[in-house]
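Heads up, the thing below is written out as structure tokens.
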Amino acid sequence: MTIQWFPGHMAKARREVTEQLKMVDCVFELLDARIPYASSNPMISEIIKDKPRVVLLNKMDMADPRETAKWMKHFEAQGVYPVALDAKNGKNLNMVIKAAEAVTKEKFDRLAAKGLRPRAIRAMIVGIPNVGKSTLINRLAKKSLAKTGNMPGVTKKQQWIKVGKTLELLDTPGILWPKFEDQIVGKKLSLTGAIKDSIVHLDEVAIYGLEYMQSHDLATLNHHYHITIEENDPYLEIFDQIGRSRGMKNKGNEIDYESVIELVVRDIRNAKVGRYTFDRVEDLGHSDEAE
């Protein structure tokens, strides 16, 4: 599965982010806590360069908390200020403003020393589609100012949003990179909802998700679908057992694989099976194929 997707509005968004960068004090990079590596656009680092950055690991409620703790330590070791949060349910939102104050303290101390009056911190929020930017902004502003939706590409243009007197946020459209050199990254992005289902082979995404659970959490896989899968069973056997267990059959009493595939992707994407982190800190620098 080769995924290449860089619509015109994505290229425009990159130009706009670059142009607006000089107007902000810091950048919030919003990542999906389930895929902190795969959801980090390598172009973002190129664009923001030395601008103070805060990494926000959103959807922590859907990720493995043990793995999230490892990622927090990893980012801290890189000199990046990390915050794990759950924007949808408002968990750890107070940490976002504290992080902005921490990374901009040096700049504002210099401004104060020059006798300049204090002002709100201006922060740009960037990230790939469907990682929760609009939900986070609405939570912080305590208003429905940014459009939200459980599909990529909801935010179409930039807008400034005030968060009390402390913070001003510049929302930006989600930016994906031109193509995914590592196809496992593409599958992770699809599995978590960052890429529209219509442009991927959903069967390959479902297979990736099932094989991940089969190797990392076999007991939960069997319990959730009321099946009896062994560690080395082929994916087709898993599809068959899920189809029989859930009664997903066609008129000819054959397994309705399309429905099974959609069910598996939906269950994993919405954390109905369990809380999984598909990117592991220990795998950095190694091929994801080894997972």
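The values are calculated or read from the model by the stated rules, or taken from the named source; none is laboratory data. Keep in mind that this is a model prediction, so the values were computed, not measured. Heads up, the Cβs are rebuilt from the backbone with ideal geometry, glycines too, and the neighbour counts pull from every protein chain shown. Note: areas computed on protein heavy atoms with side chains; ligands, DNA, RNA excluded. Shrake-Rupley method; radii C 1.70, N 1.55, O 1.52, S 1.80 Å.
The table for this structure:
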{"item": "Surface accessible to a 1.4 Å probe, per residue, for the residues of the chain, Å²", "result": "50"}
{"item": "Helix-only mean residue ellipticity at 222 nm for the chain, each DSSP H run of n ≥ 4 adding -39500 (n - 2.57), per residue, nearest 500", "result": "-12500 deg cm²/dmol"}
{"item": "Loop sites in the stretch 182-291: trypsin sites (Lys or Arg not before Pro), DSSP, at most 16 other Cβ within 10 Å", "result": "Lys196, Arg246, Lys251, Lys272"}
{"item": "Principal-axis tilt of helix 8-20 within the chain, Cα atoms, nearest 10 degrees", "result": "30"}
{"item": "12 Å beta-carbon shell around Asp256, net charge (K/R +1, D/E -1)", "result": "0"}
{"item": "Cβ-based net charge around Asp203, under 12 Å, with every Lys or Arg adding one and every Asp or Glu removing one", "result": "-3"}
{"item": "Over the stretch 201-277, relative contact order from alpha-carbon pairs under 8 Å, at least 6 apart, %", "result": "33"}
{"item": "Loop-located GluC sites (Glu not before Pro) in the stretch 180-218 whose Cβ has at most 14 other Cβ within 10 Å (DSSP)", "result": "Glu181"}
{"item": "By average C-beta atoms within 10 angstrom, highest first, the peptides 51-61, 69-79, 212-222", "result": "51-61, 212-222, 69-79"}
{"item": "Cα long-axis angle, helix 235-245 against the chain (0 to 90 degrees, to the nearest 10)", "result": "80"}
{"item": "Helix 257-269 axis, angle to the chain major axis (alpha carbon atoms, nearest 10°)", "result": "40"}
{"item": "Entries of Lys22/Lys114; Lys107/Lys162; Lys98/Lys196; Lys59/Lys143; Lys70/Lys91; Lys59/Lys188 with Cα pairs more than 24 Å apart", "result": "Lys98/Lys196"}
{"item": "Relative contact order of the chain, pairs being alpha-carbon contacts under 8 Å that are 6 or more residues apart, as %", "result": "21"}
{"item": "Heavy atoms of Arg15 accessible to a 1.4 Å probe, total area in Å² rounded to 10", "result": "140"}
{"item": "Which label in (1) 40; (2) 36; (3) 58 gives the computed percent of Cα pairs over 28 Å apart", "result": "(1)"}
